[in-house]
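What follows is a single structure, written as structure tokens, with notes after it.
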């Protein structure tokens with residue numbers, strides 16, 4: 001009888017402990033779900049420290065979230081951090097090579113005897129030095145496309161963080177005695193806000209000359225950066241060009257179709273990965289606009305349908 005009572009009591013304790021354990025596991029799973037069963041500690045940290053913000057998707061009113069995945073890739077993936085960082089590590093190695101070779105130049109505009117000129121790097125700002133994915137996220141959440149007023153507001157907030165690896169590269173370049181010029185198509189009226197944003201995230205900008213060259217700062221400083229590069233090339237040997245869109249490297253790629261862009265870029269194969277370093281930017285650029293022939297009057301649905309038509313299914 002005593003043995004039977006002991007067995008009943010033991011079974012009851014086991015049942016109670018099992019229920020408690022299952023309840024605790026359910027609570028942990030609810031609070032910290034891992035995508036696709038991932039067990040990476042970094043994934044756990046991301047899930048724990050940055051929980052999704054509640055959002056009512058009905059407010060999109062039928063908007064097609066064209067850039068959702070690309071924005072999330074930049075903001076949340078370790079792959080983006082890896083790609084950007086390795087681009088700047090490559091840039092550091094190429095910078096060292098360029099400094100050792102007086103005949104090295106990254107600027108097709110460079111001519112004459114430039115071997116004696118001091119070295120410089122030409123650096124884009126948006127999506128090369130500064131990460132504006134938060135602005136793109138605001139547009140995506142509000143269901144709107146590009147808006148100049150909203151962009152201006154964002155620039156004046158001066159909240160853009162640095163692209164991974166960018167600050168460290170610029171600091172290294174300056175430690176090697178290389179002048180870094182920032183060529184940006186941000187409006188000249190926003191030069192001070194842009195400069196403050198760059199300084200706030202760690203970019204050294206204490207040079208005695210103006211190294212931030214903005215669109216419209218001079219009459220002939222337009223979207224294509226060739227005029228500004230040519231001016232720099234008169235006084236500096238340009239070691240590297242670093243940017244995120246084709247226009248940062250090759251003039252004439254801003255408003256031409258996809259095939260024409262590819263043909264233009266193919267002419268400079270020997271520059272890529274050596275004298276020209278491209279930072280990944282899947283969110284926007286001429287590549288996307290070229291798909292629908294730069295017709296900005298198209299609706300999101302029309303753009304989406306055109307993009308589907310461009311997909312190569314190899315059939």
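Every number in this text was worked out from the coordinates using simple rules, so none of it is lab data. Predicted model only: the values in this text are computed from it and were never measured. Virtual Cβ from ideal backbone geometry, glycine too; neighbours counted across all protein chains shown.
Once the Cβ-Cβ distance of residue 134 and residue 293 is raised to the sixth power relative to R0 = 35 Å, the FRET efficiency obtained is 0.75.
Of 232, 242, 209, the sequence from fewest to most neighbouring Cβ atoms within 10 angstrom is 209, 232, 242. Against the empirical curve 2.2 N^0.38 Å, the C-alpha radius of gyration of region 164-315 lands at a ratio of 1.19. Considering only alpha-carbon pairs that sit under 8 angstrom and 6 or more positions apart, the relative contact order computed for region 68-284 is 32 percent. Based on every Cα atom in region 72-217, Rg and the maximum pairwise Cα distance Dmax equal 16.7, 53 Å.
With a simple spin-label model that places each label point 7 Å from the Cα along the Cα-to-Cβ direction, the separation between residue 255 and residue 147 comes to 2.6 nm. Label-to-label distance for residue 189 and residue 86 is 4.2 nm, based on points extended 7 Å past Cα in the beta-carbon direction. As a proxy for reagent exposure, 104, 73 were ordered by neighbouring Cβ count within 10 angstrom, fewest first; the result is 73, 104. Ranked by how many other Cβ atoms sit within 10 Å of their own Cβ, fewest first, the residues 126, 224 fall in the order 224, 126. Distance between the pseudo-spin-label points of residue 264 and residue 224 (7 Å out from Cα toward the beta carbon): 0.8 nm. Pop the C-beta distance of residue 78 and residue 156 into the FRET formula with R0 = 25 Å and round what comes out to the nearest 0.05. Once rounded, the FRET efficiency stands at 0.20.
Available extension along the chain between residue 235 and residue 205 is 8.9 nm, counting 0.36 nm per residue and deducting the alpha carbon span.
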